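For reference, the structure discussed in these notes is given below.
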Amino acid sequence: MAYNGKFNFNRICVLDTETTDKYWNSAAPMQIAALICDKQGNIIDSFNERIKTTHKIAPDASLVHGIYAKDLVHCRSEIDVLTDFCVWLKNHEVDCILTYNGEAFDRRMLDARCKTLGIPFDYFEKENFPGIDGYYDCVLDAKKQNYLGLKDKLGRKWKLSLVAETLGLDNSGAHDALADVIMLKNIFWMLDPKIHPQRWKEENTTSLF
């Protein structure tokens, strides 16, 4: 379902994954982390678990997130963790998912893995469930407006951790899925109500999705 620039979420899932590969159609998750927040950005619950994957882990992926097969020996299987994660989202009645570059990667990857593993869950289908990409739907608009001088300060570098640092937010632990989720949550609620105030007006939060 296309994001239309307005909001009507009561429960938003801020999501990130660390994966075995950099290509969504050949990757599997090794870590899933998420926060569930209300409209004000208050954290309601959290999820964070590593996964004992059966996929080969690409060396260049491990160089980014620092996760190796030896780190996953005592973790649960992908089908167990992913199933529990999906049930967790459903039980919290999540009605929107927020990612950073995740519309092109994380959601597509998780949707493919659910289908492969036979998990009947459609929250990761972009055509059927609302999603907000914090990069394309928020940070790039801040860049266009040069809000807080972001365009001048960052130039072409728009990594999540650099955006957080430039905004004076904690960016420690970057490339750990939970640390990245916390950064994204803080960036989104700091920027979006300021650069898109019309999205957060009460009259724009009815009958959205």
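The values are calculated or read from the model by the stated rules, or taken from the named source; none is laboratory data. Please read these numbers as outputs of a predicted model, since none were measured by experiment. Cβ sites come from the backbone with ideal geometry, for glycine too, and all protein chains shown count toward neighbours. The area values use the complete protein model at the heavy-atom level, side chains included, leaving out ligands, DNA and RNA. Shrake-Rupley method; radii C 1.70, N 1.55, O 1.52, S 1.80 Å.
Return a yes/no flag: does the stretch 175-198 have any residue that is farther than 30 Å from Arg50 by Cα, without any contact (Cβ under 8 Å) to a residue 40 or more places away in the chain and basic (Lys, Arg). Checked against the condition, which is being farther than 30 Å from Arg50 by Cα, without any contact (Cβ under 8 Å) to a residue 40 or more places away in the chain and basic (Lys, Arg), the stretch 175-198 yields no hits at all.
Within the stretch 48-64, residues that are without any contact (Cβ under 8 Å) to a residue 12 or more places away in the chain have Cβ atoms under 6 Å from residues that are open to solvent by 80 Å² or more (accessible area, probe 1.4 Å) in these pairs: Ser62/Tyr68, counting only partners at least 6 apart in sequence or on another chain.
When the residues of the stretch 97-138 are narrowed to those that are aromatic (Phe, Trp, Tyr) and open to solvent by 10 Å² or more (accessible area, probe 1.4 Å), which ends up nearest to the chain's Cα centre (by Cα)?
My answer is Tyr100.
Taken over the stretch 145-167, the criterion of being more than 23 Å from Phe105 (Cβ to Cβ), open to solvent by 70 Å² or more (accessible area, probe 1.4 Å) and free of Cβ contacts under 8 Å to residues at least 24 places away in the same chain is satisfied by Leu148, Lys151, Asp152, Lys153.
The number of residues in the stretch 21-67 being over 27 Å from Asn10 (Cα atoms) and exposed (fewer than 14 other Cβ atoms within 10 Å of the Cβ) comes to 10. Taking each residue of the stretch 76-88 that is within 9 Å of Ile51 (Cα to Cα) and looking for partners that are open to solvent by 30 Å² or more (accessible area, probe 1.4 Å) and basic (Lys, Arg) with beta-carbon atoms closer than 6 Å, six or more apart or interchain, yields Ser77/Lys52.
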